[in-house]
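We did not get these values from a lab; they are worked out from the coordinates using the rules stated. Just so it is clear, the structure is predicted and the values come from calculations on it, not from any experiment. All Cβ positions, even for glycine, are placed from backbone atoms using ideal geometry, and neighbour counts span all protein chains on display.
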Amino acid sequence: MAHKKPHLPEKNCQHCGRPFSWRKKWRSVWTEVRYCSERCRRSKNNTPKNLCAASMVEDEF
Ligand SMILES: [Zn+2]
């Protein structure tokens, strides 16, 4: 008999585009998780100045 692999939900990181799997620490926030790691999450905040201006425009919607 083959080993039964747990089937975990997956998402693609919005920063690096890599797929990542559900983790225990995300069990309560999985729907809100968008990045595979803390590093990707932080690099989203380090946006270049011109992108910051663009995001301010988005805030008006
Ligand atoms: Zn990532």
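Residues in the stretch 13-24 that are surrounded by 12 or more Cβ atoms within 10 Å (Cβ to Cβ) and not in a loop (DSSP other than H, G, I, E, B): 20, 21. The set of residues from the stretch 25-40 being charged (D, E, K, R) and either away from the ligand (no atom under 14 Å from the Cβ) or assigned to a loop (DSSP other than H, G, I, E, B) (or both) comprises 25, 27, 32, 34.
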